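Report on one structure; see the data block that follows.
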Amino acid sequence: MAAAVDGGAPDLAGLLERIAADVAPLIGSGTPAEYIPALAEVDPRHFGMAVADLDGNVHGVGDWRVPFSAQSITKVFALALALAEGGDSLWRRVGREPSGNPFNSLVQLEHENGIPRNPFINAGALVVTDRLQTLTGDASSELLEFLRAESGNPDVSFDAEVAASEHEHGDRNAALAHFMASYGNIDNPVPALLDHYFWQCSIAMSCADLARAGLFLARHGLRADGSRLLTRSEAKQVNAVMLTCGTYDAAGEFAYRVGLPGKSGVGGGIVAVVPGRCALAVWSPGLDSRGNSVAGVAALDRFTTLTGLSVF
Ligand code: GLN
C-alpha cells in the first residue's frame, strides 16, 4: 500500500474509499465549534479527504471539493510567510514548545512575559500575523494570495460572515493581543491586528485546496511554481513545530496515532504532511474537547496505518 501515493490513482482511490468507510461511524460525532456562531451552523455530517502528490495531482473522497473554514490551519501558512519574508528573528518573540494548554489559553502568557509558547496557539499566531503585517503592510491579503497561488485556485476567498462572527465573539483573542502588547510583543495597533487575524482565520478552502497548498512543506520548501519559499532547514523546522504543537494540547496523542506533522482548525479541517511524498487534508466539523476533528484524526490515523507512511 505504501506505493499508493507515488503509484497510481486506482490504488489511492481505493485507499481513500476504504478510509471513508472505516471512519463513517465517527462522522457527526463531536461538536462543531460553538464559540464562533457561524461555524456552529455547519452540518456536522460532512466528511472529505484529499491527498496531493508532489506534482500537485490530487485525489479525494467525500466532500473533498467543498470549501470550509480553514481557521487555525492558516497559522502554518502565515508562519511560513513570516519566516520567508522576515527570517529567524521571529523566534525572539514566540517559542517552539508545546503549550499543554488549550489553543486560546491566557494562563502561560503572564508567567512567560508575553512570549507565547508556540506559533500555533492563538497568542503565538497573533504575534506571527503582527510580524507579517509589519513586513508586508497587508498580512491577510498577502496570505490569501499565497494560498490562491499554492492551491492553484483563484476562487479561494475570505468568508465575511465568519470573519464578522469571530469579531463579534473575539474578546478572548482581543485579551491575548492586548496582554502581549502590554509586554511590547505586538508592534501594530491591536484593532488592526485583530482584523487581519479574523480575516485570516475566515479563509474558506476545500480539502483539495489545502492539500495542494500544503505541498511546499512536502517539497522541503519549494512552491508550486518551483521557486523556493523556505530553505530545506526552515521547512524541516515548520514541520517539526507542526508535529509538536499543531494540534494543541492533543499534539502527543496526534503524533502517537498519526505520526505526521499536522495542523488542525476549529472548522474541522486538518492538514498533514509526509515530507518528500505528499500532503493531505481532511475535514469533518465534529470536534473533540481539544478542538480537533474526531473523524479527521481517525482518517489520518487510518491513512498512516494502512500505508505505513509516517515520519517514524
Ligand atoms: N479563529 C479561531 C480562534 O481564534 C481559530 C482557532 C482554531 O482554529 N483552533 O479562536
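The values are calculated or read from the model by the stated rules, or taken from the named source; none is laboratory data. From a predicted model like this one, the values you see are computed outputs, not experimental measurements. Heads up, the Cβs are rebuilt from the backbone with ideal geometry, glycines too, and the neighbour counts pull from every protein chain shown.
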Completion exercise
Checked pairs for the stretch 239-255, first over 17 Å from residue 266 (Cα atoms), second surrounded by fewer than 19 Cβ atoms within 10 Å (Cβ to Cβ), C-beta under 7 Å and 6 or more apart or across chains, list as 239/275; 241/96
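Limited to the stretch 255-273, what total is found for residues that are out of contact with any Phe, Trp or Tyr (no Cβ under 7 Å at 6 or more places or on another chain), over 24 Å from residue 37 (Cβ atoms) and crowded, with 23+ Cβ neighbours inside 10 Å? Full working, then the answer.
Residues of the stretch 255-273 that are out of contact with any Phe, Trp or Tyr (no Cβ under 7 Å at 6 or more places or on another chain), as a first pass: 255-258, 260-261, 264-266, 270-273.
Right, trim to over 24 Å from residue 37 (Cβ atoms) and you get 255-258, 260-261, 271-273.
Restricting the remaining residues to those that are crowded, with 23+ Cβ neighbours inside 10 Å gives 258, 260-261, 271-273.
Total meeting the criteria: 6.
Please state which one of 29, 99 is polar (S, T, N, Q) and in contact with a Gly (Cβ under 6 Å, 6 or more places away or on another chain).
Working: 99 fails: in contact with a Gly (Cβ under 6 Å, 6 or more places away or on another chain).
Of the residues listed, the single one that is polar (S, T, N, Q) and in contact with a Gly (Cβ under 6 Å, 6 or more places away or on another chain) is 29.
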Problem - Any pair with Cβ under 7 angstrom, 6 or more apart, that starts in the stretch 217-234 at a residue that is within 21 Å of residue 74 (Cβ to Cβ) and ends at one that is aromatic (Phe, Trp, Tyr) and at pLDDT 95 or above - result: 222/216; 223/216; 229/216
Exercise for the section: For the stretch 162-191, enumerate the residues that are within 11 Å of the ligand (Cβ to nearest atom) and of a type in the set (A, V, I, L, M). Expected result: 162, 163, 174, 176, 177
Handout entry: Residue that is nearest to residue 19 (Cα to Cα), among those in the stretch 288-312 that are in a loop (DSSP other than H, G, I, E, B) and of a type in the set (Gly, Ala, Ser)
Key = 308
Fill in the blank from the handout: For residue 20, the lone unmet condition from (1) at pLDDT 95 or above; (2) of a type in the set (Gly, Ala, Ser); (3) touching an Asp or Glu at 6+ places or on another chain (Cβ under 7 Å); (4) surrounded by fewer than 23 Cβ atoms within 10 Å (Cβ to Cβ) is (3)
Practice task
Could you tell me whether residue 31 is surrounded by 15 or more Cβ atoms within 10 Å (Cβ to Cβ) and among the polar types (S, T, N, Q)?
Solution key: no
Completion exercise
In the stretch 284-309, anything buried (at least 24 other Cβ atoms within 10 Å of the Cβ) and modelled with pLDDT under 95 is listed as none
Practice task
Among the residues of the stretch 103-122, write down those that are within 12 Å of the ligand (Cβ to nearest atom) and without any contact (Cβ under 8 Å) to a residue 40 or more places away in the chain.
Solution key: 105
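Any residue that is away from the ligand (no atom under 15 Å from the Cβ), touching a Phe, Trp or Tyr at 6+ places or on another chain (Cβ under 7 Å) and aromatic (Phe, Trp, Tyr) - is there at least one of those in the stretch 145-152?
So in the stretch 145-152, the residues away from the ligand (no atom under 15 Å from the Cβ) come out as 145-152.
Subsequent filtering for residues that are touching a Phe, Trp or Tyr at 6+ places or on another chain (Cβ under 7 Å) retains 146-147, 150.
Right, trim to aromatic (Phe, Trp, Tyr) and you get 146.
The answer is yes, given that some residue of the stretch 145-152 is away from the ligand (no atom under 15 Å from the Cβ), touching a Phe, Trp or Tyr at 6+ places or on another chain (Cβ under 7 Å) and aromatic (Phe, Trp, Tyr).
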Handout entry: Positions within the stretch 59-85 being away from the ligand (no atom under 16 Å from the Cβ), in a strand (DSSP E or B) and buried (at least 24 other Cβ atoms within 10 Å of the Cβ), in sequence order
Key = 62
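In the stretch 32-58, what count of residues is obtained for those that are of a type outside the set (A, V, I, L, M, F, W, C), touching a residue at least 60 places away in the same chain (Cβ under 8 Å) and either away from the ligand (no atom under 14 Å from the Cβ) or in contact with a Cys (Cβ under 7 Å, 6 or more places away or on another chain) (or both)? Don't jump to the end; show me each part of the working.
Let us first name the residues in the stretch 32-58 that are of a type outside the set (A, V, I, L, M, F, W, C), namely 32, 34-35, 37, 41, 43-46, 48, 53, 55-57.
Adding the requirement that they be touching a residue at least 60 places away in the same chain (Cβ under 8 Å) leaves 32, 35, 37, 43-44, 46, 48, 53, 56.
Still in the running and either away from the ligand (no atom under 14 Å from the Cβ) or in contact with a Cys (Cβ under 7 Å, 6 or more places away or on another chain) (or both): 43-44, 46, 48, 53, 56.
Total meeting the criteria: 6.
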